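Here is the structure we will look at.
Just so it is clear, none of the values below were taken in a lab; they were calculated from the coordinates. Since the structure is predicted, the reported quantities are computational estimates derived from the model, not experimental observations. Glycine gets a Cβ as well: all are built from the backbone with ideal geometry, and neighbour counts include every protein chain shown.
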Amino acid sequence: MRIAMLGQKHIPSGEGGIEVVVEELATRMAALGHSLTCLDRRGHHIAGKHYDSDKTGKYRGVFIRDVPTINRRGLAAVSSSISAAFIAAIGPYDIVHFHAEGPALMCFIPKIFGKKVVVTIHGLDWKRAKWGRLSRAYIKLGEWAAAKFSDGIIVLNRDTKLYFERRYNRDTVYIPNGVSLPSLRAPDIIKEKWGLDKEGYILFLGRLVPEKGIHLLIRAFMDTDTKKKLVIAGAGSDTRQYVKKLRDMADERVIFTGFVQGEELFELYTNAYIYCLPSELEGMPMSLLEAMSYGNCCLVSDIPECLDVVEDKGISFRNKDVEDLKLKLCELIRDRDRVHRLKDASSSFICEKYKWDEVVRSTLELYKRAESGAKRVK
């Protein structure tokens, strides 16, 4: 099949969960003999452009094409989605795969040109705290367009599947994200750069945005009596006021690394004492899957999207409850044996349950159903 993917910022990148998913799907499908094109945003990215493309513009068998983008806040995502949708519409593609609700507003464009369209709902994005009224309305319209025009919808959790059934009377396909085998590393770079020793820190890794609940984690951590450090790894380029608030809350025990990737990322995952994800809202958290694959003891908020991942192989606290988060942190800091029991169980459990090869197989099956015209309407 000839497949175009859009909605991601760019690949290769660990900048966000969508970018990780698109890279894994595209490169694995290309390895199976399919023709993949990723229509990426043009311009500056946090992760940078760090692949070596040949003269055809390929990365690991995937064609990379940067689409026209207005690189101004509030316009980059919209403008790149419009450009990519038109390019996909007139290009030689059998399947056009949109990622996320906002870009999905443009899914009618390739449909007009007779393309088959699949949309992955990575989360109910309009719920995110950073959006204003206009942006929230735009994203909801994208959600409606996905339900109205697409030939197949992928959701990452069962709550979102139920939401589409109830709101749009539209059936969806549940295909969770996958996880790769870990690349374990000694704490060399992170020791030199931030003074971090093995199991000497609690780790959060993700975008620095309010719905991730980082402010709750810092408040809870500040009240704990521990020599361990709290590492906040990630960037928040569009939430500068929130990042400033986080820094103002913290003392010298809290380390802000900024965006990390490659060896630094592997070392942070490998050597953490606890990984904590205090999110108030998620789709399916890639960082949580990755943290568990590295054999981490994970402490998460008790939202369904986190609990469905950790099951009984992690610890949860009441969502948005700083006191309960503090209590669980203190218990785990004191109980090293419990932490290590959970560490021992997490990696094999998560790597066996969430396999990228199964994700790719299920996605390709949906593409084939879309090609046959079997629109999934409840």
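Between MET222 and LYS320, what length in nm is gained on full extension when 0.36 nm per residue of separation is reduced by their alpha carbon distance?
Numbers: separation 98, 0.36 × 98 = 35.28 nm, distance 1.59 nm.
Length difference between fully extended and current span is 33.7 nm.
Partner aspartates and glutamates whose Cα lies under 15 Å from the Cα of LYS9, excluding those fewer than 8 positions away in the same chain, are identified as GLU19, GLU23, GLU24, ASP40, ASP66, GLU101, ASP238.
Given a cut-off of under 8 Å on Cα pairs at least six residues apart, what relative contact order in percent is computed for the chain? Over the chain, the number comes to 15 percent.
One Cα centroid belongs to region 209-254, the other to region 277-291; the line between them spans 16 Å. Of the labelled figures (i) 22.6; (ii) 20.2; (iii) 21.3, only one reflects Kirkwood radius over Cα pairs in Å as derived from the coordinates, namely (iii).
The helix-based estimate of mean residue ellipticity at 222 nm for the chain, built from -39,500 (n - 2.57) per DSSP H run of four or more residues and divided by its residue count, is -13000 deg cm²/dmol to the nearest 500. Simple spin-label estimate for HIS215 and ARG341 gives 3.6 nm between the two label positions (7 Å along the Cα-to-Cβ direction from each Cα).
For SER183 and ILE112, what is the calculated FRET efficiency with R₀ set at 51 Å and r taken between the beta-carbons, to the nearest 0.05? With R0 = 51 Å, the Cβ-Cβ based efficiency is 0.70.
Note on ARG166 and LYS353: with the Förster distance fixed at 25 Å, the Cβ-Cβ geometry gives a FRET efficiency of about 0.40.
Report the net charge of residues surrounding LYS127, where surrounding means a beta-carbon distance below 12 angstrom and charges are Lys +1, Arg +1, Asp -1, Glu -1. Numbers along the way, then the final one.
Working: positive: ARG128, LYS130, ARG136, LYS140; negative: GLU101, ASP125, GLU143, ASP159, GLU211, GLU280, GLU282, GLU305.
Result for the neighbourhood of LYS127: -4.
Have a look at PHE221, LEU205, CYS351 and report the one farthest towards the positive end of the charge dipole of region 189-353, computed about the Cα centre with Cβ charges (Lys/Arg +1, Asp/Glu -1). Value computed over the given set: PHE221. Taking each residue as 0.36 nm, the span from ILE70 to GLN261 lengthens on full extension beyond its C-alpha to C-alpha distance by 66.1 nm. Divided by 2.2 N^0.38 Å, where N counts the residues, the Cα radius of gyration of region 212-367 comes to 1.07. The calculated FRET efficiency for the pair GLU365 and ARG2, based on their C-beta separation and a Förster distance of 25 Å, comes to about 0.90.
Any chance you could run the full-extension gain for LYS127 through LEU32? It's 0.36 nm times the residue separation minus the Cα-Cα distance, nm to one decimal.
30.5 nm
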